[in-house]
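J.: Structure incoming, see below.
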Amino acid sequence: MLSLLPVLPIVIPLLSGAISLLFWRSLWIQRWIGVGGTGLLLLSTLRLLSEVERTGILSVQIGGWAAPVGITIVADLFSAIMAVLAGIIGFCVAVYSWYGVDERRQSYGYFVFLHVLLMGVCGSFLTGDIFNMYVWFEVMLMASFVLVALGGTPMQMEGAFKYVTLNLVSSALFLAGIGILYGVVGTLNMADLSVKLAQTADPGLVTTLSMFFLIAFGIKAAMFPLFFWLPSSYHTPPPAVSAVFAGLLTKVGVYALIRVFTLIFVQDVVYTHNLILIMSGLTMLCGVLGAAAQFEFRRVLSFHIVSQIGYMTMGLGLNSRLSLTASVFYITHHIIVKTNLFLVSGVIQKMRGTGDLKKLGGLYKTHPSLSVLFLIPAMSLAGLPPLSGFFAKLGLVIAGLRLEQYCIVATALFVSLLTLFSMTKLWAEAFWKPRPDVAEGEDEPRSDDEPMCLTMILPILVLALITLTIGIGAETFFNLADRAAGQLMDPTEYIEAVMRTRS
Amino acid sequence: MNLLLAIVIGALYSAGFYLILRRSIVKLIIGLSFLSHASNLLVFAAGGLTRGRAPLVPPGSLAPVPPYADPLPQALVLTAIVISFGVTAFALALVNRTYQTTGQEDIDELRRTEC
């Protein structure tokens with residue numbers, strides 16, 4: 001049973017999704033399976049992380065076919081951490097969706113697709129085979145396509161359209177890259193690719209090839225200049241769906257970038273990683289400037305996803321152990337915080353019926369506790385101590401200074417300042433300013449706010465506490481991230497774990 | 001054969017990208033399926049083409065006699081075709097629904113999410 005541990009995060013959502021399908025007509029059972037299934041997923045990923053932390057990298061050869069022929073499921077520390085994060089987000093959003101998603105959407109299979117989405121995400125994190133990763137990406141995309149379009153309001157259809165198109169282009173490029181990679185190297189197992197490419201006769205060709213993957217994953221991760229689809233689609237579906245997307249989907253792209261650019265494409269680090277560094281700087285800057293111009297709660301947050309992606313890939317671009325540590329730490333922090341912010345925006349939207357900052361206001365007066373729950377992740381995102389975002393940014397800045405990359409460090413600090421500005425804008429507009437009177441020609445605002453329900457507040461509270469914990473106990477998490485980065489920088493352990501034949 | 005495939009793949013890619021850049025939604029979908037076909041053919045061609053040598057194991061031995069056609073790219077293409085079929089079907093349903101709800105067939109008019 002223990003040897004199958006790395007497969008569990010894929011199998012559990014698959015089963016939960018399938019069982020939910022059997023109870024198509026009973027929302028009640030689907031909700032319980034939603035909460036129970038994601039809860040089990042979270043437990044299995046936690047167990048996986050503790051096992052990987054204790055005994056080193058785990059691998060399972062699917063069907064008993066030894067690597068590099070068969071498909072290998074590998075869990076190193078980085079994968080395990082990402083899987084745990086997927087479990088946390090899945091569980092919190094499943095609880096939140098109980099009342100956070102309307103019954104019509106739920107009756108059309110919302111929970112089923114949530115499970116499938118989590119399966120695709122965990123599969124992408126845990127696979128050790130590049131083509132298998134493509135398949136998991138498609139599983140995840142298919143579920144996300146349905147989730148983004150489910151409900152069918154005109155706004156959603158437009159958003160879904162942009163989302164689907166850009167992701168399909170990215171998939172086609174990814175597949176083309178895999179095809180050429182197989183033609184050049186003759187293997188698809190990532191560990192085997194790493195070994196064989198280390199002694200390649202033609203590094204120029206491999207670097208060209210790596211650009212396919214940079215563009216494909218860059219689109220998924222919403223890096224500059226490929227990010228335009230994100231802010232125009234993420235705010236259209238219900239907030240619970242936006243929260244999962246914001247937390248997990250783009251981070252799958254970042255995960256894939258870090259995986260292939262530490263394990264496979266390390267032939268011409270000066271060229272590829274400097275390119276990533278430049279893209280990171282521009283991603284940060286464009287995202288935050290875009291956010292400054294927005295006046296809709298979730299659109300502001302969407303642009304901030306873009307800008308935060310820049311920080312994560314900055315650690316990859318700097319390419320040292322410390323910078324990768326900071327990247328892993330940053331991803332951990334960001335997934336928790338960003339999902340939390342989207343969940344808060346959902347509560348506000350449900351209460352007031354709008355996410356338009358100009359129409360919001362006065363929330364601090366009526367709901368002081370909710371305001372505090374917003375303030376914690378918002379300040380964490382901006383990077384104020386002692387919250388998790390501060391340590392994540394500190395790590396990146398120190399790593400950048402040690403490598404004397406002053407330009408990117410300056411950009412990171414400047415963007416951080418603008419993030420703070422943007423978060424205070426949200427605070428001032430939605431919470432602090434008095435509630436605006438009815439403007440002419442508009443519907444009368446509801447006199448009473450809808451009451452908040454406990455299942456929507458509880459996940460927010462849990463995520464806020466996790467942010468605080470990561471901030472206060474930063475050393476523990478930093479050490480874990482450091483070990484994960486150690487495994488990424490020196491792939492020998494990964495390769496040995498995959499190649500070790502075990503049935 | 002390689003040259004012919006290269007030309008076909010190039011033509012499919014350029015036609016696909018051209019169609020994606022048009023304003024009509026239907027052309028966009030056709031363009032997307034061209035792109036996925038081009039990628040499938042690219043996987044097929046990049047794996048190396050060997051004519052008339054099926055990878056069959058002769059009786060009494062454990063491996064086929066080289067040179068034989070590599071079966072793996074074909075398996076990959078098969079998987080990718082199935083995926084792209086499903087995705088295209090979804091995209092068509094989405095087009096239909098978008099047209100029903102927004103009444104627009106022109107991508108430039110789908111601008112409500114931008115501001």
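Just so you know, all these numbers are worked out from the coordinates, no wet-lab data involved. These figures come from a predicted structure and were not determined experimentally. Positions of Cβ are generated from backbone atoms using ideal geometry, with glycine treated the same way; all protein chains shown enter the neighbour counts.
J.: Please determine, in degrees from 0 to 90 and to the nearest 10, the orientation of helix A:154-185 with respect to the longest principal axis defined by the Cα atoms of chain A, where the helix direction is its Cα long axis.
T.: 10 degrees
J.: Further, regarding this structure: Using only Cα atoms, tell me the angle between helix A:454-472 and the longest principal axis of chain A; keep it within 0 to 90° and round to the nearest 10.
T.: In chain A, helix A:454-472 runs at an angle near 50 degrees to the longest axis.
J.: Follow-up question, since we're still on this one. In nm, to one decimal, how far is the modelled label at B:Leu92 from the one at A:Leu465, with both set 7 Å along Cα→Cβ?
T.: According to this spin-label approximation, the distance is 5.1 nm.
J.: Okay, helix-only estimate at 222 nm for the protein assembly as shown: each DSSP H run of n ≥ 4 adds -39500 (n - 2.57), divide by all residues, round to 500 deg cm²/dmol; what do you get?
T.: -24000 deg cm²/dmol
J.: Provide the FRET efficiency to the nearest 0.05 for the A:Tyr271-A:Trp432 pair, computing r from the beta carbons and using R0 = 41 Å.
T.: 0.30
J.: OK, next. Among the complete DSSP H segments of chain B, which ones combine at least 18 Å of alpha-carbon extent along their axis with a mean Kyte-Doolittle hydropathy of 1.6 or more?
T.: The qualifying helices are B:2-20, B:25-46.
J.: Here's something else I'd like to know. Just want the ordering: A:His334, A:His273, from fewest to most Cβ atoms lying within 10 Å of their own Cβ.
T.: Ordered by Cβ neighbours within 10 Å, fewest first: A:His273, A:His334.
J.: Follow-up. Within a 10 angstrom radius of the beta carbon, how do A:Cys92, A:Cys122, A:Cys286, A:Cys453 rank from fewest other beta carbons to most?
T.: By the 10 Å Cβ count, ascending, the order reads A:Cys453, A:Cys286, A:Cys92, A:Cys122.
J.: Test of understanding: in a Gaussian network model of chain B with alpha carbons linked when under 10 Å, which of B:Gly86, B:Gly47, B:Gly16 would top the mean-square fluctuation ranking?
T.: Comparing B:Gly86, B:Gly47, B:Gly16 in a Gaussian network model of chain B, the most mobile one is B:Gly86.
J.: Separate question: Per-residue HN-Hα couplings for segment A:7-22, Karplus 6.51 cos²θ - 1.76 cosθ + 1.60 at θ = phi - 60°, whole Hz, x for Gly and Pro?
T.: Karplus-based 3J(HN,Hα) across segment A:7-22 equals 7, 3, x, 8, 6, 4, x, 4, 5, 4, x, 5, 5, 4, 4, 5 Hz.
J.: For segment A:252-261, just list the computed ³J(HN,Hα) in residue order, Karplus coefficients 6.51, -1.76 and 1.60, θ = phi - 60°, integers in Hz, with x standing in for Gly and Pro.
T.: Each residue's phi maps through the Karplus curve to give 5, x, 5, 4, 4, 4, 5, 4, 6, 8 Hz.
J.: In what sequence do A:Thr127, B:Thr50, A:Thr354 fall when counting other Cβ within 10 Å, fewest first?
T.: B:Thr50, A:Thr354, A:Thr127
J.: Under the rule of at least 5 residues apart or a separate chain, name every residue whose amide H is placed under 5 Å from the amide H of A:Asp129.
T.: A:Thr72, A:Met190
J.: Calculate the spin-label point distance for A:Asp356 paired with A:Glu51, positioning each point 7 Å from the Cα along the beta-carbon direction, and give it in nanometres.
T.: The modelled label-to-label distance comes out at 5.3 nm.
J.: Modelling each spin label as a point 7 Å along the Cα-to-Cβ direction, I'd like the B:Ala15/B:Thr50 distance in nm, to one decimal.
T.: Placing both labels 7 Å beyond Cα along the Cβ direction yields 3.1 nm.
J.: Would you work out if segment B:1-97 is rounded, prolate or oblate? Take a ≥ b ≥ c from the square roots of the eigenvalues of the alpha-carbon gyration tensor; rounded if a/c is under 1.5, else prolate when a/b is larger than b/c, oblate otherwise.
T.: Cα axes put segment B:1-97 in the oblate bin.
J.: OK, next. Largest first and to the nearest Å, give the Cα extent of segment A:33-91 along each principal axis.
T.: 37, 25, 13
J.: Among A:Gly281, A:Ser323, A:Phe297, which residue has its Cα positioned farthest towards the positive end of the charge dipole of segment A:229-352, with +1 placed on the Cβ of Lys and Arg, -1 on the Cβ of Asp and Glu, and the dipole taken about the Cα centre?
T.: A:Phe297
J.: Where does helix A:368-382 land angle-wise versus the long Cα axis of chain A, in degrees 0 to 90, nearest 10?
T.: It works out to around 30 degrees.
J.: Still on this structure: At a Förster radius of 30 Å, what calculated FRET efficiency corresponds to the Cβ-Cβ distance of A:Leu27 and A:Leu458, to the nearest 0.05?
T.: Once the sixth-power term is evaluated, E becomes 0.95.
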